[in-house]
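None of the figures in this text is laboratory data; all of them are computed from the coordinates on show. Just so it is clear, the structure is predicted and the values come from calculations on it, not from any experiment. When we count neighbours, we look across all protein chains shown, and the Cβ atoms used for this are built from the backbone with ideal geometry, even at glycine.
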Amino acid sequence: MGSHRWLCGGVLKRNTMLFRPNLPEANCAAINFIGFASICKIFIEFDEKFWPDNWRGFNALWRGQDLPSEYWLKDIYGFHVYEHQPRVLLGWASGFHVDVIESMDHDALVQGIMDMLHRFLPKFKLSHPNNVVTTKWSIDPAHLGSYSYPSLLASEYETGPAQLAQPVNVLVYDALLSADTAVSVRATHMKPVVTRPVLFFAGEATSPNHYSTVHGAVETGIREAGRIISFYENE
Ligand SMILES: Cc1cc2nc3c(=O)[nH]c(=O)nc-3n(C[C@H](O)[C@H](O)[C@H](O)COP(=O)(O)OP(=O)(O)OC[C@H]3O[C@@H](n4cnc5c(N)ncnc54)[C@H](O)[C@@H]3O)c2cc1C
């Protein structure tokens, strides 16, 4: 791929200093206005399962008067039996407090979760879990979230995955044409001879139809590979 750079992932959203000089306005607007959210999985392992064989789990619907003082608990929207792991419940959380859940003190997390399970499963005889593990998508510096979504702001500002997917081009001058570099230095007498794309955007957030998904990520990688191939074929 020589002088080309390939980038994907939600890090763009929260890292405005990633590029110097800054990205073109259209890419920046897309990054600013496309939504990017977090989802968290919570695995709870017990010594023994305390639920009947035909029980699959529950989704949590809090009544106003029952809302917990641990505000982050209401972002956990349910617990379900984990396929092929007979002693494990899997909880899902999404919303504003996922990063709180993923970074909080372990004992406080376990305490809150057990309070919630006791509240929603009053008929079950719960044992204390021997292990609780959460994913860390929202605080992992290589991801900083889970996946993108189309936001109202993006539609208001008429931007989205297609704008984010626009490659960044540089003008290449005669003397530099054969060099495998994107340096934009030029002598005053030189005329630009070609526009060379040097920065490509792949990843689910650049897929207009399949954002948020693995197949969206894969198809955009193929799309950008095609863009590079066609650039060299036509050069
Ligand atoms: C809990 C969960 C469940 C999901 N379930 C499904 C599902 O059932 N079906 C489905 O289709 N999708 C699902 N997804 C979504 C799917 O996983 C993502 O949409 C997909 O993985 C995104 O791929 P990507 O290549 O766009 O980004 P990523 O997989 O995030 O890849 C980005 C890459 O960029 C790297 N990177 C970050 N910063 C830098 C940097 N500064 N320099 C260089 N590299 C950097 C990262 O290390 C990472 O490897 C799920 C996601 C989560 C979190």
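Seen from Leu109, the other residues with C-beta closer than 10 Å to its C-beta sum to a net charge of -4, counting Lys and Arg as +1 and Asp and Glu as -1. Based on the alpha-carbon gyration tensor of segment 39-134 and its eigenvalue square roots a ≥ b ≥ c, which shape applies: rounded if a/c is under 1.5, prolate if not and a/b is larger than b/c, or oblate? Prolate, since a/c reaches 1.5 and a/b exceeds b/c.
Give me the net charge for the shell around Gly95: Cβ to Cβ below 15 angstrom, other residues only, Lys and Arg +1, Asp and Glu -1.
Residues near Gly95 contribute -2 overall.
Note on the chain: with charges restricted to the Cβ of Lys and Arg (+1) and Asp and Glu (-1), its dipole about the Cα centre is near 180 debye.
Under a Gaussian network description of the chain, with springs only between Cα atoms under 10 Å, the residue in Ala108, Ala154, Ala37 that fluctuates furthest is Ala108.
In terms of Cα to Cα distance under 26 Å, which lysines are near enough to Lys125, apart from those fewer than 8 places away along the same chain? Hits, sequence-local ones excluded: Lys41, Lys49, Lys74. When the chain is treated as a GNM with alpha-carbon contacts under 10 Å, the residue of Gly35, Gly221, Gly64 showing the greatest mean-square fluctuation is Gly64.
Once you've got the GNM for the chain with C-alpha springs shorter than 10 Å, pick whichever of Pro150, Pro122, Pro68 has the biggest mean-square fluctuation. Top of the fluctuation ranking is Pro122.
Summing charges over all other residues whose Cβ lies under 15 Å from the Cβ of Trp62, with Lys and Arg as +1 and Asp and Glu as -1, gives -1. Considering Cα pairs under 8 angstrom that are at least six residues apart, work out the relative contact order of the chain and quote it in whole percent. Relative contact order comes out at 27 percent. Listed values for segment 127-140 are Karplus-derived 3J(HN,Hα) couplings in whole Hz (6.51 cos²θ - 1.76 cosθ + 1.60, θ = phi - 60°), namely 9, 6, x, 9, 7, 10, 10, 10, 6, 10, 4, 6, 10, 5, and x replaces Gly and Pro. Taken as entire DSSP H runs, the helices of the chain that both span 20 Å or more between Cα atoms along their own long axis and average 0.0 or more on the Kyte-Doolittle scale are 106-120.
Think of the chain as having a plus end and a minus end, set by charges on the Cβ of Lys, Arg, Asp and Glu; of Tyr149, Val170, His84, Val170 sits farthest toward the positive end of this dipole. Extending 7 Å from the Cα toward the beta-carbon at both Tyr157 and Asp107 defines two label points whose distance is 4.4 nm. Of all the Cα-Cα pairs you can form in the chain, what percent are over 34 Å apart? Here the tail beyond 34 Å accounts for 37 percent of pairs.
Where in segment 86-107 does the amide nitrogen come within less than 19 Å of the point 7 Å from the Cα of Ala60, taken along Cα to Cβ? Answer for this model: 88-107. Close amide H contacts of Ser38 (hydrogens built in the peptide plane, cut-off under 5 Å, sequence separation of 5 or more or a different chain): Gly95, Ser146.
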